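See structure below.
The values are calculated or read from the model by the stated rules, or taken from the named source; none is laboratory data. Note that the structure is a prediction, hence the values are computed from the model and not measured. Cβ: placed from backbone, ideal geometry, glycine included. Neighbour counts: every protein chain shown. In case anyone asks, the SASA skips ligands and DNA or RNA and just uses the protein heavy atoms, side chains included. Shrake-Rupley method; radii C 1.70, N 1.55, O 1.52, S 1.80 Å.
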2 protein chains.
Amino acid sequence: MLVTLRDDPAEAEIISHKLLLRGGYIRRISIGIYAYMPLLWKVLKKISSCVREEMAYAGALETLLPQLQPSEIWQRSNRWNDYTKSEGIMFHLEDRQGREIALGPTHEEIITVLASDLLKSYRQLPVTLYQIQTKFRDEIRPRFGLMRSREFIMKDAYSFHSTDSDLVLTYNSIDLAYRRIFKRCGLNVVAVEADSGAIGGAASQEFMVTAEAGEDLILVSDDHNYAANKEKAVSLPKIPVITESGICKVISTPNQPSIEELCDAQQIDSSQVVKVLLMLARFTDHSHIPILITLRADQLVNEVKLRNAVRSHLSIQSATLLDVIPITPEQVEEQGLAPLPFGYIGPHLENKVLHGAKTWQTHFLRLIDPTASALTSFTCGANEYNKHMVNMKWGPLVPLPSQVDLRDAEPQDQCIHNPLSRLQVNRGIEVGHIFQLGRKYSSALDAKFTNEKGNQETFWMGCYGIGISRLSQAAVEQHHDTKGICWPLSIAPFEVVIVVANIRDQVQRNLSEVLYTVLKNAQVDVLIDERQERAGVKFKDAELIGIPWQIIVGRSASIHKAELIERATLKTIELNASELLQYLLQILESTHMGLLND
Amino acid sequence: MLVTLRDDPAEAEIISHKLLLRGGYIRRISIGIYAYMPLLWKVLKKISSCVREEMAYAGALETLLPQLQPSEIWQRSNRWNDYTKSEGIMFHLEDRQGREIALGPTHEEIITVLASDLLKSYRQLPVTLYQIQTKFRDEIRPRFGLMRSREFIMKDAYSFHSTDSDLVLTYNSIDLAYRRIFKRCGLNVVAVEADSGAIGGAASQEFMVTAEAGEDLILVSDDHNYAANKEKAVSLPKIPVITESGICKVISTPNQPSIEELCDAQQIDSSQVVKVLLMLARFTDHSHIPILITLRADQLVNEVKLRNAVRSHLSIQSATLLDVIPITPEQVEEQGLAPLPFGYIGPHLENKVLHGAKTWQTHFLRLIDPTASALTSFTCGANEYNKHMVNMKWGPLVPLPSQVDLRDAEPQDQCIHNPLSRLQVNRGIEVGHIFQLGRKYSSALDAKFTNEKGNQETFWMGCYGIGISRLSQAAVEQHHDTKGICWPLSIAPFEVVIVVANIRDQVQRNLSEVLYTVLKNAQVDVLIDERQERAGVKFKDAELIGIPWQIIVGRSASIHKAELIERATLKTIELNASELLQYLLQILESTHMGLLND
């Protein structure tokens, strides 16, 4: 059932999406919902079987957990509201009894409840369970085909440990398994430090397929010893311009509310200036906390780092952080406060300006980035319109707030591990993510085991995901040319396609049958294209669907010859049938061995 | 991760459900929702791979369709209301854009839309596509573990044809594939004629695992040439008692409204009496049609046949039949009608008694079972309280209504194919169902291909299901004893378990390792139980989880001997290790070959 499209499908934005649609690999059923046709299903099965082998090798056991998840356990872990309301990415429904049920986007809750039920003693630990399963996310903007769809296949694994250090051992062995999986699938993948996001936990690492169409920005050092998601990346900031220090004083800076205007007018470098951002953290319980963020004026604030900083500084807060937004003059007015000197605010802005705020807390959460705290002397707003302070210093009058990394690492920044190496920016498609969850879920769900001393202890947990369906499309994004897909051998829907140029020619049909039978008997995954189509159509289709090796059986079948084409290079050789088989079988074997043994 | 329970779980009603819970195969997460633990997952994978082999052999291609299904296509096939409202077995939700989405309980709609999009020409036909997938049903009464759960694994296949006869060919080849699948899985399965139910279509056949706990009643002839679900079964009714015919007249029968009272008082046999049932068919559009059902008084009405008869006689009706219920005197009164002589109603009851009914149609749909129409003379109600007619005959005054089979076939009835053979009743668990759908869905969804003459034609379709997760439990229901499960070799989670009696005994450990390694190298699926438990616990667990062959390595390890136990028979032999291996490998091979080649 080979059904290809001639024209580029209008719905597709990126090349891999187009090629999968045109090649008949997928069909759209609804927004962000696709049918996996037989050719793609074969790709997905090959990826899955590679994943199963490596997970088994890492000691993990396969299981299958329900897709329907009762709301109660999501309420126990305190994620029900986040997932169904504030972020709203979890599909949910009511059953005929009116009980709320979620469609699983992830399984931390279910597996933790199960582990707590099954793993009673330290002697049963460690345990790693995994499943390959369809997951659901009600994405705000489903797009790019299988890249961000609402129904997708994941491999998700969860590990349970009696100690933190044992968790690290498993985390490292899964890290290795993942590197082997991606390599075996023929993917060029970068492992990057990552933000743990809504999943939570201590350490986490993402695996990124580098590709132009990637939604993530990653920073990689020239020496390849450091790579991180931009959300998380750190770097050495450039050294600030140093000037002679003078006396601290107020200067008049009319109409210089922006850093650019200020630096132009005062003839100073922005690295000598401290900028202050007024933000508002909003929580699910409708509480609001004003935040005063200070960083060097030549630096940009990193929103993910900011949100994490707010979360960790306010860990007592029982409600969940919704977002952090800039405060506007209108909001200040709504709070019944006196106008604030926007554009001229300095780090010494006093809490008392918030006195009488209607719904805000009446003191700032103050955060400072080390780039700002490291300055020995700086220019900043004077908390009065059209006035700045010069030669300002941290000290009793301007106390240092909590220091926390808040800045964006930028391309060309120096790497913190090796100042001689600079960071480069790449785009990446996240295909894997591993987390040291610690005790976040086991604490919330009260999951305990009996330790050697007979005491109850909370599990240490890790979790590990691979986007199976996304990986298949990422492989296309990384392996294609202008004519179509160039599948890596290990995950191609077939290894070889035999194209019978003229199906009415008995000699061509006979030779094709012989080649097919020999290859089949040698366990080669081979397809024969015997459709009643013109030869040109079949050649084009073979290029489009991208099976790694093509055997073209045409007129020279009469002298027992056929053409062998390597799809990736389009290199063609004509060979006697038996030589062709010998050559091809040798190449297939050595390619497979190469992928396994590296 | 072998975690067994000592006590019978309270939630389980039938033995297979108990054994799967106690053996640690499944864990309940919510009502009708189970986690498949690693041992069961292995069983399910073995069943699935057997299904895949046989489906591929029958020429079917594997695919994977979405579980999320947009409501629109269910509206086009006119099943949305049935599935979400009247029967309500389909889970459904609204996404963030407010679009209605169903969780697929079946995939006729999706696959028909896809086929119509992909299969343009008769040259591409026939095509059979299948998938192995988790399905969802919001059951009214989820029960018996995996037997009737709300989330379960199905293999569903759909075939597309240019002609009816081509559909029959594929239907027959899938029938054969199914028989092979069940045989290979070690199940005793009966194929029975079945009602097509809500799926619709012409012919259909169910595959029943015979077991006491089955929810279905099936009737099988002594000669095994006929088997049918009781919902659908036909038989020869017993020959009615014949009496001399007299003059047709009204007799007084005070206080004889029931057949039993009438027969007792009048000294007649119930096979000489015609009984009339007043029923009401209710439809989704709130319309109601009164039905007058006539059958021989010694016969019972079959509700499934009755519903099908109502549907086919009222095929013009655009609404869907909700149910058929007996009419009560209260309902007659509510309709503003004069009281009807309940208990004394005869087949000649006139339509005019319905005149003025508020919401009912004002004429009866009249149906008669052939047992009643075949009577040349009979007793029946006189449509007047305390009066019956005797020696009544069909004719101008009592015209024959539409004849249709409405009666229940009963155990001990004669088989219609062989009157010497009688029907026996069995209980069965439905594990497979195949349907000749005809053009029901392709017409509704306007799915067409171009035929040889260049004209557009509607596809012929078949559909074919196997309950994969249900099958696993049905196997336990058929294969267990008082100590636990006795898995058939082909679908057992492991083929062999090596139980190390005393894990602290180095000799036992060494011998176990050797046996394990040899078996592993011979591709045997072997488990080693090295838990720090008492030997007795491990022996009991081995019996409970039911791996077909146990090797017990105990004290005689010192003389290089071990015990081999066949789980199903509990036959035990002690053998020298190398003899044991030779013997076991031979048995395993011959059992597998036997299953494949029969």
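Here are a few things to note about the model shown:
- Residues of type aspartates and glutamates that A:Lys571 reaches as a straight line, Cα spacing below 13 Å, ignoring anything fewer than 8 places off in the same chain: A:Glu543, A:Glu563
- Global geometry of the stretch A:65-197, whether rounded, prolate or oblate, following the gyration tensor of its Cα atoms and the 1.5 cut on a/c: oblate
- Average 1/r across all pairs of distinct alpha carbons in the stretch B:125-272, invert it, and you get the Kirkwood radius: 20.2 Å.
- Counting only protein heavy atoms and a probe of 1.4 Å, the accessible surface of the stretch B:494-597 is 51% carbon and sulfur.
- Farthest toward the positive end of the dipole of the protein assembly as shown, out of B:Met461, A:Leu295, A:Val518, is the Cα of A:Val518, where the dipole comes from beta carbon charges about the Cα centre.
- Candidate lysines for bridging to A:Lys238, where Cα separation is under 22 Å - those fewer than 8 sequence places away on the same chain excluded: A:Lys230, A:Lys275, A:Lys305, A:Lys393
- Leaving ligands and nucleic acids aside, the B/A contact buries around 4700 square angstrom of accessible area in total at a 1.4 Å probe radius.
- Karplus-derived HN-Hα couplings along the stretch B:100-110 (A = 6.51, B = -1.76, C = 1.60, θ = phi - 60°), whole Hz, x at Gly and Pro: 7, 10, 9, 8, x, x, 6, 10, 4, 4, 4
- Angle of helix A:164-184 to the longest C-alpha principal axis of chain A, folded into 0 to 90 degrees and rounded to 10: 40°.
- Charge tally in the Cβ shell below 15 Å around B:Lys387, where Lys, Arg are +1 and Asp, Glu are -1, B:Lys387 excluded: -1
- Rounded tilt (10° steps) of A:38-57 against the dominant C-alpha axis of chain A: 70 degrees
- Counting DSSP beta bridges with both ends in the stretch B:249-403, the antiparallel % (nearest 5): 70 percent
- Per the Debye formula on identical point scatterers at the alpha carbon atoms of the protein assembly as shown, with no solvent, log10 I(q)/I(0) at q = 0.07 Å⁻¹ is -0.87.
- Sorted from shortest to longest, the distances between the B:Asn78 label points of this copy and the other copies are 5.4 nm, with each point 7 Å from Cα along the line through the beta carbon.
- Based on alpha-carbon atoms, the Kirkwood radius and the radius of gyration of the stretch B:339-437 give Rg/Rh equal to 1.10.
- Where chain B is rotated onto chain A, the residue of B whose Cβ comes nearest the axis, and that gap in whole Å, is B:Leu93, 2.
- Averaging 1/r across all pairs of distinct Cα atoms in the stretch B:257-315 and inverting the result yields a Kirkwood radius of 13.2 Å.
- Whole-percent carbon and sulfur share, accessible surface of the stretch B:215-261, 1.4 Å: 56 percent
- Estimated translational D of the stretch A:219-262 in µm²/s (Stokes, Kirkwood radius over Cα pairs; 10 °C; 1.306 mPa s): 107 µm²/s
- Mean accessible surface per residue for the stretch B:494-597, computed with a 1.4 Å probe while every protein chain stays in place, in Å²: 51 Å²
- Cα centroid of the stretch B:99-175 to Cα centroid of the stretch A:41-119, whole Å: 25 Å
- For chain B, the mean residue ellipticity at 222 nm estimated from helices alone is -8000 deg cm²/dmol, where every DSSP H run of n ≥ 4 contributes -39500 (n - 2.57) and the total is divided by all residues, rounded to the nearest 500.
- Dimensionless Rg/Rh of chain B - Kirkwood Rh, Rg from C-alpha atoms: 1.06
- Of all accessible heavy-atom area on the stretch B:1-141, the percent that carbon and sulfur account for (1.4 Å): 47 percent
- Neighbouring Cβ atoms from other chains, within 10 Å of the Cβ of residues in B:126-133, number 2 on average.
- Taken about its Cα centre, chain B carries a charge dipole of about 840 debye when Lys and Arg each add +1 at the Cβ and Asp and Glu each add -1 at the Cβ.
- Projecting 7 Å from Cα along the Cα-to-Cβ direction, the label point of B:Asn255 sits 11.4 nm from its equivalents in the other copies, listed shortest first.
- Peptide B:32-42 has a mean shielding of 6, counted as Cβ atoms of other protein chains within 10 Å of each residue's Cβ.
- Among the listed pairs B:Lys42/B:Lys232; A:Lys46/A:Lys448; A:Lys448/B:Lys18; A:Lys46/A:Lys538, those beyond 29 Å (Cα-Cα): B:Lys42/B:Lys232; A:Lys46/A:Lys448
- For A:Glu100, inter-copy label distances in nm, listed shortest first [label point 7 Å out on the Cα-Cβ vector]: 2.3
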